[in-house]
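Enquirer: Okay, here's the structure, questions in a sec.
The values are calculated or read from the model by the stated rules, or taken from the named source; none is laboratory data. All of these numbers come straight from a predicted model, not from anything done at the bench. For neighbour counting, all protein chains shown are included, and Cβ atoms are generated from backbone atoms with ideal geometry for every residue, glycine included. The protein model used for the area step is the full one, side chains on, heavy atoms only, and it has no ligands, DNA or RNA in it. Shrake-Rupley method; radii C 1.70, N 1.55, O 1.52, S 1.80 Å.
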Amino acid sequence: MTATILEKIKAYKLDEIAAAKAEKSQAEVEAAARTAPPVRPFAQSLHKASREGYGLIAEIKKASPSKGLIREDFEPAALARAYAAGGATCLSVLTDTPSFQGAKEFLVEARAECDLPVLRKDFLYDPYQVAEARSLGADCILIIMASVSDAQAAELEQAADEWGMDALIEVHDAEELARAEKLNSRMIGINNRNLNTFETSLDVTRQLSEAVPHDRMLVCESGLYTPADLADMAVYGARCFLIGESLMRQQDVEQATRDLLANPLVPGGM
Ligand SMILES: O=C(O)c1ccccc1NCC(=O)[C@H](O)[C@H](O)COP(=O)(O)O
């Protein structure tokens, strides 16, 4: 049987992790993490922003498996400044190279340019990668339930907690959501994109949001383009959004970010 994209990504990630450990031991990466700049409050910032308007995690994303090259003129530092000036709450930076043309240095460069908390957007399997994320300055990690076991998810979450970082738990269906609920993290991301088929539909959030417990903060991820999309998703309880491609395709990223956030649906209103 042909391997799915997530299986292919996992295979090369495990090779990358082994190579990274051979180059820098766990103890060395932990020592580097201890000297990293203090953690910025990721979940707390989103929570605050979502009470006043929308919380936006703006993604620095050069390319993707589903879309190929998204943005040619790609400078993480300039993009971070534009997102911050446009009103983003947090940043997400792709650090995976083979599939997204990302890099660990992009996270360091982006974070140094602004005061926003930063998510390391990558495929994590090992607490080593969490310490590495912290050593780069990351304030939050992503745990993709489709690509890890319950035991791995709990181990990654615990590592994030020990470093004082937040974790965004990503789900795409009811079974993954039920598994995510066994974790402690308050942030649940519903990814509208099926990471194996790339099919993307806001129906995923429409159908799954109802099952998200009220004590969790819902983050609606992928396939969001317009203020109308955000207002539509807000009706289903999403006030926080993770957006990459649609903003990355804009010439004026700052203005596009501002426009997207300009007229949030009033909480509780229609
Ligand atoms: O974006 C992809 O093609 C992709 C393929 C396989 C695994 C993950 C993938 N993307 C990660 C994400 O979920 C998005 O970068 C993120 O939610 C932003 O989505 P978008 O606004 O649609 O760029």
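Enquirer: So, R0 is 30 Å and r is the distance between the beta-carbons of residue 174 and residue 151; what FRET efficiency does that work out to, to 0.05?
Expert: So the FRET efficiency works out to roughly 0.90.
Enquirer: In whole Å, what are the Cα extents of the stretch 1-58 along the three principal axes, biggest one first?
Expert: Extents along the principal axes, in whole Å: 46, 40, 13.
Enquirer: When the scattering of the stretch 49-92 is computed by the Debye formula from its Cα atoms alone, each counted once and equally, what is log10 I(q)/I(0) at q = 0.19, 0.21, 0.26 Å⁻¹?
Expert: -0.64, -0.73, -0.91
Enquirer: What are the extents of the Cα atoms of the stretch 130-236 along their three principal axes, listed from largest to smallest and rounded to whole Å?
Expert: Principal extents (Cα only, largest first): 38, 30, 27 Å.
Enquirer: While we're here: Leaving ligands, DNA and RNA out of it, report the carbon-plus-sulfur percent of the accessible area of the stretch 1-136 at a 1.4 Å probe.
Expert: Here it works out to 52 percent.
Enquirer: Sticking with this one: Taking N as the number of residues in the chain, what value does Rg over Cα atoms divided by 2.2 N^0.38 Å take?
Expert: So the Cα radius of gyration is 0.93 times the expected 2.2 N^0.38 Å.
Enquirer: Given +1 on the Cβ of Lys and Arg, -1 on the Cβ of Asp and Glu, and no further charges, what dipole in debye does the stretch 125-183 carry about its Cα centre, rounded to the nearest 20?
Expert: That gives a dipole near 80 debye.
Enquirer: If contacts are Cα pairs under 8 angstrom and at least 6 residues apart, what is the relative contact order of the chain in percent?
Expert: Relative contact order comes out at 20 percent.
Enquirer: What figure in square angstrom, to the nearest 10, would you give for the accessible area of residue 144 with a 1.4 Å probe?
Expert: Around 10 Å² of this residue is reachable by solvent.
Enquirer: Along the stretch 112-128, what does the Karplus equation 6.51 cos²θ - 1.76 cosθ + 1.60 (θ = phi - 60°) give for ³J(HN,Hα), rounded to whole Hz, x for Gly and Pro?
Expert: Result, ordered by residue: 5, 8, 8, 9, 6, x, 10, 8, 7, 8, 7, 9, 9, 10, 9, x, 4 Hz.
Enquirer: Set the Förster distance to 41 Å, then compute FRET efficiency between residue 2 and residue 262 from the Cβ-Cβ distance, nearest 0.05.
Expert: 0.40
Enquirer: Among 238, 18, 133, whose mean-square fluctuation peaks in a Gaussian network model of the chain (Cα, cutoff 10 Å)?
Expert: With Cα springs under 10 Å in the chain, the top fluctuation among 238, 18, 133 is at 18.
Enquirer: How far apart, in nm, are the 7 Å Cα→Cβ label points at residue 214 and residue 158?
Expert: Distance between label points: 3.2 nm.
Enquirer: Of all accessible surface on the stretch 185-270 at a 1.4 Å probe, what whole percent is carbon and sulfur?
Expert: Solvent-exposed carbon and sulfur of the stretch 185-270 make up 50 percent of the total.
Enquirer: A further question on this structure: I'd like the accessible area for residue 24: 1.4 Å probe, protein heavy atoms, all chains in place, Å² to the nearest 10.
Expert: Only protein atoms counted, so the area is about 90 Å².
Enquirer: Please report the spacing between the Cα centers of the stretch 165-235 and the stretch 29-44 in Å, no decimals.
Expert: Cα centroid to Cα centroid, the span is 26 Å.
Enquirer: Which of 10/121; 24/104; 8/67; 21/67; 13/121 have a Cα-Cα distance over 21 Å?
Expert: 21/67
Enquirer: Then there's this: Using modelled amide H (1.01 Å from N, peptide plane; none on Pro or chain starts), what sits under 5 Å from the amide H of residue 124, excluding residues fewer than 5 places away?
Expert: Placed amide hydrogens put 144 under 5 Å from residue 124.
Enquirer: When all protein chains stay in place, what accessible area (Å², nearest 10, 1.4 Å probe) is found for residue 109?
Expert: 80
Enquirer: Grab the beta carbon distance between residue 20 and residue 235, set R0 = 41 Å, and tell me the FRET efficiency rounded to 0.05.
Expert: My answer for the efficiency is 0.40.
Enquirer: So, for the chain, what is the accessible surface per residue at a probe of 1.4 Å, expressed in square angstrom?
Expert: Value returned for the chain: 44 Å² of accessible area per residue.
Enquirer: How would the stretch 1-111 be classified by its alpha-carbon gyration tensor: rounded, prolate or oblate, with rounded meaning a/c under 1.5 and the a/b versus b/c comparison settling the rest?
Expert: oblate
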